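Take a look at the structure set out below.
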Amino acid sequence: MSANPKSGAALSHGAFATLLLIALMMGANHVAARLAFNHGVDVATAVTFRSAVTAAVVGLLLLVQRVPLRLTARHRRALPAIGLLVGVQSLCLYSAVARLPVALALLAFNTYPLWTALWARLAYGHRPEPRVLRAMPVMLLGLALALDVLGAASGLGAAGQWAHIGIGVGYALAAAAIFGLALVLTQHEAGDLDGRVRTFSTMALVAVMALAGMASQGGPQWPQAAAGWWGLAALTALYGTAFTVMFTVLPRLGVVGNSAIMNIEPVFALVLAWGLLGQTIAAMQVGGGLLVVVTVVWLGWRRR
């Protein structure tokens, strides 16, 4: 894969499968997070534990594999900014997951490809591929149906539904905007840096930020049941793996042209939350999920 991708290039089957795997792990991570939140863990503790463990593991890999730490002046400027953005995004997204059904939080967060395209256009003059722009509304429509944003399946109606979910959606949209900017900065300012170095730097900064937040709230809030510990362990393993792969592979694929493929993440989360957390799936939601899957496959195997 080229370090300077062309947005019109077709993805290989392996690259497409990698993006879907990232989406699956990210969706499962948020289901695990909700499990931990349901058993006493707070947002700051989850982000601190997840980020510190990921940074420690990746740092050990850097030492064992003797990865050279050659940072240019541009890298030294960009990495703190990326770490700060990912830290705020993590706190916002987990705050959304703690307040909303997992898949609904991810629906709002998965507007980040739109924010990615906007930030790339504003900061670097990058024009998104027309095919991606045509796919986005269809994908978002499918996600809206899958996640019942109008309250039809729940019976609350639009007003009642938004009164119930508004704050959580606000957190998720803020996370989307911030994450989109982080992806664009990663590709353009640190895309030539080893992905393991980027991951270590970002996770270490996020851990420091979350630790400060946790300390300001009186210290960690650990799980109060075995299920909470399983959730905390799973979200740490899944997020650390997915984040490392994403920040290693995605910048080389081109974040604007291909990050939209991971919009299938809420569908994975919807199915997992149904199986693990007991959330039900109405027929309308299944139809919306199928619409997303078809659109993602069409987008993933695009040609020049």
Within segment 56-97, tally of residues that are under 16 Å from the mean Cα position of the chain (by Cα) and more than 19 Å from Ala237 (Cα to Cα): 8
Subset tally (residues that are surrounded by 17 or more Cβ atoms within 10 Å (Cβ to Cβ), at pLDDT below 90, of a type outside the set (A, V, I, L, M, F, W, C) and outside any helix (DSSP H, G or I)) for segment 187-232: 1
Residue check for Ile165: closer than 16 Å to Leu85 by Cα and among the β-branched types (Val, Ile, Thr): no
Residue check, Val86 touching a His at 6+ places or on another chain (Cβ under 6 Å) and in a helix (DSSP H, G or I): no
Among (1) in contact with a helix residue (DSSP H, G or I) (Cβ under 8 Å, 6 or more places away or on another chain); (2) at pLDDT below 85; (3) surrounded by fewer than 21 Cβ atoms within 10 Å (Cβ to Cβ) - the single one Leu147 does not satisfy: (3)
Scan of segment 29-52 for residues that are among the aliphatic types (A, V, I, L, M) and part of a helix (DSSP H, G or I), ordered by number: Val31, Ala32, Ala33, Leu35, Ala36, Val43, Ala44, Ala46, Val47, Ala52
Inter-residue pairs, beta-carbon under 8 Å, first touching a residue at least 12 places away in the same chain (Cβ under 8 Å) and more than 21 Å from His30 (Cα to Cα) and in segment 169-188, second of a type outside the set (A, V, I, L, M, F, W, C) and not in a helix (DSSP H, G or I), 6+ apart: Gln187/Gly254
When residues of segment 123-144 are limited to those that are within 20 Å of Ala273 (Cβ to Cβ) and among the hydrophobic types (A, V, I, L, M, F, W, C), the one surrounded by the fewest Cβ atoms within 10 Å (Cβ to Cβ): Ala144
Residue ID - nearest to the chain's Cα centre (by Cα), chosen from residues in segment 132-162 that are under 13 Å from Leu100 (Cβ atoms) and assigned to a helix (DSSP H, G or I): Leu147
Segment 154-186: number of residues that are modelled with pLDDT under 90 and surrounded by fewer than 17 Cβ atoms within 10 Å (Cβ to Cβ): 11
Residue list for segment 273-285, filter: under 16 Å from Leu107 (Cα atoms), at pLDDT below 80 and over 22 Å from the mean Cα position of the chain (by Cα): Ile281
Count of segment 86-110 residues which are among the hydroxyl-bearing types (Ser, Thr, Tyr) and either in contact with a strand residue (DSSP E or B) (Cβ under 7 Å, 6 or more places away or on another chain) or over 21 Å from Val271 (Cβ atoms) (or both): 2
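The values are calculated or read from the model by the stated rules, or taken from the named source; none is laboratory data. Given the structure is predicted, the values throughout are model-derived calculations rather than measurements. In this analysis, Cβ positions are derived from the backbone assuming ideal geometry, glycine residues included, and neighbour counts consider all displayed protein chains.
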